[in-house]
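In what follows, a structure is listed as structure tokens, so that the remarks can point back to it.
The values are calculated or read from the model by the stated rules, or taken from the named source; none is laboratory data. For clarity, every value in this text was computed on a predicted model and none was experimentally measured. Using ideal geometry, Cβ is built from the backbone for each residue, glycine included, and neighbour counts are taken over all protein chains shown. Surface areas here come from the heavy atoms of the whole protein model, side chains and all, with no ligands, DNA or RNA. Shrake-Rupley method; radii C 1.70, N 1.55, O 1.52, S 1.80 Å.
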Amino acid sequence: MDIYLDANATTPVLPQAQAAALAVMAEVYGNPSSLHGSGLKARALLDEVRTTARRVIGAEGGELFFTSGATEGIQTAVLSALTELRRRRAAGDGRALSLLYGATEHKAVAEALKHWNAVLALDLPIQAIPVGPDGRHDLRWLREHAPQAGLVCTMAANNETGVISDLDGIAAALAGSPALWLVDGVQALGKLPLKLVERRIDYAPFSGHKLYAPKGVGLLYVRDGAPFTPLQAGGGQEGALRAGTENMPGIAALGAVLRALADGETFCDAATLARHRERLATALREAFPGIVFNAPAALALPTTLNFSVPGLSSKLLLDLFDAAGLRVSGGSACSAAAARPSHVLEAMGLPDWQTRAAVRLSFGPADGAGLIEEACDRIGACGASLRESCLSASAPGAGGAQTPVLTRFVVAGACCYIVADAASRRCVVIDPLPELTARIVQWVGCRGFTVAAVLDTHSHGDHASSAQALRAALAPSLLETHAGDALGWPDGASALVLGRHRLTRLAVPGHTADSTAYLLKDAEGACFAFVGDTVMPGALGRSDFAQSAPLSFADSLRRLQDAVGPRALLLPGHDYDDHFACTLASERLLQPLLAGALDAVLHAEAFAAAKADLERHVPPTACQTMACGTSVGARASLASVELDGAQLDAMLAGPLAPLVVDVRESYEQRVGALTVLERGALRSADIRQVPLSALLDALPDWLALPAQRPLLFVCRAGNRSAQAARALRRLGHAQAWSLQGGLALWPQPD
Ligand code: PLP
């Protein structure tokens, strides 16, 4: 069962609202503008809902009309206000009045101001009203700017943090100002008394779908005497304020919700909601030690919690919660897809990590105690799962039951690897990154491993390696040796033995004079090579740095091929396009320079000259390490890897059953196991669990499958599975697929 905790994005439709909408579609289908009986019935319903709405939002006077939602209401209000400012200007008012909006306002407001300011060619200054660390408007700033303001937009409550604005304080700051005042009431509807008339608010938009009505219906309140310009002209509906035949099913549903607010049964009272929030906050604190809440509870709607957990990205938490059937969001729903840090938390001046890692949990006033308890149980399970995966504080040696041989971490395209032997509890870290120090310390300590070496594949010109910082951060008992060369190779060791694997090194000067490849071989001779920036998918490392050895580069590439062969999996220091690995055989087809070097067509000087030519027009790298490479434009094939239902059925009817691979991380798999996929032969298909972070381990086996054996990757939303499928195709397995839309769209048994 889904536990939906994203009510600030939208809500399900109340059963009585669904019934009201269906009844209107079946019975009250007349056009409220028609004068016959059917039309009159519809008109009566429209008037009744409007009267109820006036009571609920405290709009005894003024105009109140139905819209398609808050975005339309905001456009109408902004158009009305700006048209009035244009009229004042034409009448000789020379002041360039500014347009002010709260820095934490919903995007619809800031964008509407920009849009209509441009369309009406007003060119008025637009300024954000700063907010304090508590998310509330800076009233002193507002008082100073109010005399020059033409329009002020402030929300009643924030959609990301739930912070409730001090509307009385704002009203006082605006006393005597020529400004019109828009209050976005979306998140306050049914939750806060707005006293629209008393506070002299000029415009207030509302949205039905944030309070259990369907999408596509909203309201706009306009104060008596406030300037008004319709956004839509036409048949004169809604007193000619908003032309277009009314959305009667939506309006009827909204009416049912508004009536339910007064029935004393459907919605919880404020004290109960506050108890629910406290229960959830306690569960979150227990599950995620170190959690910080991003807004003061005392100033926020009791239905919203916005939090960040140190060391855990919002993407990780969203994947984890989603796997547990808890639907939460990162920041606002509109910006969630873009994965940008929240502008709301940025405006509050919160530290960068907090704004990037933020998660919003919002429930609705109709959610009962049972749902909250179930949510708390699942939150607890999420915390336990992270501890087992060593991603959250846990006792030393307590977690990481299944540790793959190869784990990779990626930070902004830069790759770090851990090679581990679970039996002897030893590991080697290759190319540590500063952002990962704390995470790796946790990774090692929680598993009770020791670190045999921390290795770099090359030294960096522009910054120190973080290997030293990692060694210093590891408890001395966890680090086997401190004595090693500049890249960390232990003094006197010819090989590092990790269970059945041996790690040796090979000098490959070129990108830098000290570039080194580390070769990992098992008893059968299967080989992975950690090649740093020497060869990357679609690129060779730069050769134009002070530390580079361009004349040695071609020879190093040949030496690498001699040592590992053309099909060994090369694990690069950078992987910007999520290819995971490459081989010399695959790269030579994409990189003529590499082919030239491997075939000894290009000798040292010719290779160096051709490489220099390639790099001449490439700006100095702005990347955090000096790798980046000189891409030769060998991007991933654009052929779709996505399989829709019909294609899947065809695959299932084919001669070879697919190997289904769940690439969600183990902490997700643990809280939401993928039991069976309900589709014909897939029920019995072979389903494996291989987290994307451990994909490298499985690559050799998959690449050895018969060419026609389909590999079908699945994950939550279809992005990670598509990455895996593309990587496999690039490495030569053409029958690699991803389930379109991911598991989210897949019927699963309850
Ligand atoms: N204002 C706020 C505060 C919101 O939360 C939203 C919805 O995300 C909107 C405006 C836009 O509302 P609608 O989806 O009805 O256009």
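Screening ALA91, ALA23, ALA42 for residues that are surrounded by fewer than 20 Cβ atoms within 10 Å (Cβ to Cβ), over 29 Å from LEU167 (Cα atoms) and either within 14 Å of the ligand (Cβ to nearest atom) or in contact (Cβ under 8 Å) with a residue 60 or more places away in the chain (or both) leaves exactly one candidate, ALA23. Just for segment 195-218: of the residues that are crowded, with 24+ Cβ neighbours inside 10 Å and of a type in the set (A, V, I, L, M), which one is nearest to the ligand (Cβ to nearest atom)? Within segment 195-218, the match that is nearest to the ligand (Cβ to nearest atom) is VAL217. Within segment 166-180, restricting attention to residues that are open to solvent by 30 Å² or more (accessible area, probe 1.4 Å) and assigned to a loop (DSSP other than H, G, I, E, B), the residue that is nearest to LEU113 (Cα to Cα) is PRO178. Exactly one residue among ALA568, ALA493, ALA523, ALA517 is in the same structural domain as VAL451 (by TED's automatic domain parsing) and either in contact (Cβ under 8 Å) with a residue 60 or more places away in the chain or within 21 Å of ALA414 (Cβ to Cβ) (or both), and that residue is ALA517.
Has segment 120-141 got at least one residue that is within 16 Å of the ligand (Cβ to nearest atom), of a type in the set (D, E, K, R) and touching a Ser or Thr at 6+ places or on another chain (Cβ under 9 Å)? Don't jump to the end; show me each part of the working.
Just the residues of segment 120-141 that are within 16 Å of the ligand (Cβ to nearest atom), to begin with: 128-129, 131, 135-137.
If we keep only those that are of a type in the set (D, E, K, R) as well, we get 136.
Checking which are touching a Ser or Thr at 6+ places or on another chain (Cβ under 9 Å) leaves us with 136.
Yes, segment 120-141 contains at least one residue that is within 16 Å of the ligand (Cβ to nearest atom), of a type in the set (D, E, K, R) and touching a Ser or Thr at 6+ places or on another chain (Cβ under 9 Å).
Taking the conditions (1) crowded, with 21+ Cβ neighbours inside 10 Å; (2) assigned to a strand (DSSP E or B) in turn, THR457 satisfies each one other than (2). Go through the residues of segment 306-325 one by one and say whether even a single one is open to solvent by less than 50 Å² (accessible area, probe 1.4 Å), in the same structural domain as ARG275 (by TED's automatic domain parsing) and within 16 Å of the ligand (Cβ to nearest atom). Yes - at least one qualifying residue is present in segment 306-325. The selection criterion, being more than 16 Å from the ligand (Cβ to nearest atom), modelled with pLDDT of 95 or more and open to solvent by less than 70 Å² (accessible area, probe 1.4 Å), holds for ASN31. The set of residues in segment 101-119 being in contact (Cβ under 8 Å) with a residue 40 or more places away in the chain and in contact with a Leu (Cβ under 7 Å, 6 or more places away or on another chain) consists of TYR101, LEU113, TRP116. For ALA59, are the conditions met, namely being open to solvent by less than 50 Å² (accessible area, probe 1.4 Å), away from the ligand (no atom under 16 Å from the Cβ) and touching a residue at least 40 places away in the same chain (Cβ under 8 Å)? Here the answer is yes, as ALA59 does meet what is asked. The residue that is nearest to TYR4 (Cα to Cα), counting only those in segment 181-221 that are in a strand (DSSP E or B) and without any contact (Cβ under 8 Å) to a residue 40 or more places away in the chain, is VAL183. Scanning segment 66-87 for residues that are away from the ligand (no atom under 15 Å from the Cβ) and open to solvent by less than 40 Å² (accessible area, probe 1.4 Å) turns up LEU79, SER80, ALA81, LEU82, THR83, GLU84, LEU85.
Residue-by-condition table, conditions (1) open to solvent by 60 Å² or more (accessible area, probe 1.4 Å); (2) touching a strand residue (DSSP E or B) at 6+ places or on another chain (Cβ under 7 Å); (3) within 16 Å of the ligand (Cβ to nearest atom); (4) not hydrophobic (A, V, I, L, M, F, W, C):
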{"site": "ARG95", "(1), (2), (3), (4)": "yes, no, no, yes"}
{"site": "TYR101", "(1), (2), (3), (4)": "no, yes, yes, yes"}
{"site": "ALA112", "(1), (2), (3), (4)": "no, no, yes, no"}
{"site": "CYS153", "(1), (2), (3), (4)": "no, yes, yes, no"}
{"site": "LEU182", "(1), (2), (3), (4)": "no, yes, yes, no"}
{"site": "GLY185", "(1), (2), (3), (4)": "no, yes, yes, yes"}
{"site": "PRO193", "(1), (2), (3), (4)": "yes, no, no, yes"}
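Any chance segment 89-101 includes a residue that's touching a Ser or Thr at 6+ places or on another chain (Cβ under 9 Å) and under 30 Å from ASN306 (Cα atoms)? Yes, that holds for at least one residue. Within segment 324-345, residues that are over 22 Å from GLU668 (Cβ atoms) and hydrophobic (A, V, I, L, M, F, W, C) have Cβ atoms under 6 Å from residues that are away from the ligand (no atom under 16 Å from the Cβ) and at pLDDT 85 or above in these pairs: LEU345/ASN294; LEU345/THR355, counting only partners at least 6 apart in sequence or on another chain.
Please state which one of GLU246, GLU265 is farther than 17 Å from ILE74 by Cα, surrounded by fewer than 24 Cβ atoms within 10 Å (Cβ to Cβ) and either modelled with pLDDT under 95 or within 15 Å of the ligand (Cβ to nearest atom) (or both). Explain how you work it out, then say what you get.
Values: GLU246 fails: either modelled with pLDDT under 95 or within 15 Å of the ligand (Cβ to nearest atom) (or both).
Going through GLU246, GLU265 in turn, just one is farther than 17 Å from ILE74 by Cα, surrounded by fewer than 24 Cβ atoms within 10 Å (Cβ to Cβ) and either modelled with pLDDT under 95 or within 15 Å of the ligand (Cβ to nearest atom) (or both): GLU265.
When ALA357, ALA300, ALA287 are screened for being among the small types (Gly, Ala, Ser) and within 13 Å of ASN159 (Cα to Cα), only ALA300 passes. Just give me the residues in segment 278-301 being in contact (Cβ under 8 Å) with a residue 40 or more places away in the chain and either over 30 Å from TRP443 (Cα atoms) or open to solvent by less than 20 Å² (accessible area, probe 1.4 Å) (or both), in sequence order. ARG279, LEU280, ALA283, LEU284, ALA287, PHE288, ASN294, ALA295, PRO296, LEU299, ALA300, LEU301 - these are the residues of segment 278-301 that are in contact (Cβ under 8 Å) with a residue 40 or more places away in the chain and either over 30 Å from TRP443 (Cα atoms) or open to solvent by less than 20 Å² (accessible area, probe 1.4 Å) (or both).
Name the one entry in ALA727, ALA717 that is of a type outside the set (S, T, N, Q), open to solvent by less than 50 Å² (accessible area, probe 1.4 Å) and either modelled with pLDDT of 95 or more or under 27 Å from PRO566 (Cα atoms) (or both). From the options ALA727, ALA717, the qualifying one is ALA727. When ALA53 is tested against the conditions (1) within 16 Å of the ligand (Cβ to nearest atom); (2) over 22 Å from THR303 (Cβ atoms); (3) in a helix (DSSP H, G or I); (4) not polar (S, T, N, Q), the lone failure is (2).
Here are ASP168, ASP224: which of them is free of Cβ contacts under 8 Å to residues at least 40 places away in the same chain, closer than 18 Å to GLY58 by Cα and either outside the structural domain of ALA103 (by TED's automatic domain parsing) or away from the ligand (no atom under 16 Å from the Cβ) (or both)?
Working: ASP224 fails: free of Cβ contacts under 8 Å to residues at least 40 places away in the same chain.
That would be ASP168, the only listed residue that is free of Cβ contacts under 8 Å to residues at least 40 places away in the same chain, closer than 18 Å to GLY58 by Cα and either outside the structural domain of ALA103 (by TED's automatic domain parsing) or away from the ligand (no atom under 16 Å from the Cβ) (or both).
Of all residues in segment 490-518, how many are open to solvent by less than 10 Å² (accessible area, probe 1.4 Å) and within 15 Å of LEU570 (Cα to Cα)? Give the steps one after another, and end with the answer.
Looking only at segment 490-518, we keep the residues that are open to solvent by less than 10 Å² (accessible area, probe 1.4 Å), and these are 498, 503, 508, 510-512, 515, 517-518.
In the following step, the residues that additionally are within 15 Å of LEU570 (Cα to Cα) were identified as 503, 508, 515, 517-518.
Looking only at that region, the number is 5.
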